[in-house]
């Protein structure tokens with residue numbers, strides 16, 4: 001039986017699309033549901049283009065029995081956070097222990113925590129004069145960006161860089177590694 005993934009995303013969904021493509025036709029893992037908190041998120045179009053069901057949730061809904069029922073209905077075995085900007089409720093963390101995976105655009109534990117996402121991370125990296133940045137793939141626990149690290153990849157930060165240049169390098173790493181790290185972790189459980 002295949003492991004069915006729900007991808008949670010709040011934005012354009014480029015990582016979600018890479019994951020969808022990677023697992024298309026996979027023997028053991030399949031993307032079965034897209035979840036977003038934003039009705040105009042670009043990830044919705046990726047769901048439509050790939051004939052995947054999607055769900056737009058209301059504030060606070062992730063902690064409800066009806067949302068748990070939605071995940072059960074789709075037989076979700078793991079949750080992937082691909083640019084999802086809301087905290088995951090403890091009930092979901094407990095239900096999907098070791099099966100909620102997040103990606104963060106920095107080398108944790110630096111530049112993590114509440115409010116540290118996207119351009120805020122890259123701006124802080126440049127402002128602090130870092131010589132390298134990268135991305136971290138980690139398990140989700142009850143604290144922002146503090147779950148067990150599964151994988152990190154590094155890219156350079158040059159003295160003349162702007163945050164958007166760092167963002168492009170980091171996103172390239174995310175696209176390159178996220179799906180294969182998900183695969184390796186889930187198949188090892």
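The table that follows gives values for the structure above.
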{"read-out": "Qualifying positions in region 146-162 - touching a helix residue (DSSP H, G or I) at 6+ places or on another chain (Cβ under 7 Å) and free of Cβ contacts under 8 Å to residues at least 24 places away in the same chain", "value": "155"}
{"read-out": "Region 128-145 residues that are farther than 18 Å from residue 185 by Cα, paired with ones that are surrounded by 21 or more Cβ atoms within 10 Å (Cβ to Cβ) and modelled with pLDDT under 95 (beta carbon under 7 Å, 6 or more apart)", "value": "none"}
{"read-out": "Some residue of region 33-55 being closer than 21 Å to residue 11 by Cα, in a helix (DSSP H, G or I) and in contact with a helix residue (DSSP H, G or I) (Cβ under 7 Å, 6 or more places away or on another chain)", "value": "yes"}
{"read-out": "Filter pass, residue 140 being surrounded by 22 or more Cβ atoms within 10 Å (Cβ to Cβ) and closer than 21 Å to residue 62 by Cα", "value": "yes"}
{"read-out": "Every pair of residues 6+ apart whose Cβ atoms lie under 8 Å, when the first sits in region 63-82 and is at positive phi while the second is at pLDDT 95 or above", "value": "75/4; 75/32"}
{"read-out": "Residue match in region 18-28 (condition: more than 22 Å from residue 183 (Cβ to Cβ), surrounded by 19 or more Cβ atoms within 10 Å (Cβ to Cβ) and either in contact (Cβ under 8 Å) with a residue 24 or more places away in the chain or within 17 Å of the chain's Cα centre (by Cα) (or both))", "value": "no"}
{"read-out": "Residue list for region 2-20, filter: over 17 Å from residue 88 (Cα atoms) and part of a loop (DSSP other than H, G, I, E, B)", "value": "2, 12, 13"}
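The values are calculated or read from the model by the stated rules, or taken from the named source; none is laboratory data. As the structure is a computational prediction, the values presented were derived from the model and not from experiment. Glycine gets a Cβ as well: all are built from the backbone with ideal geometry, and neighbour counts include every protein chain shown.
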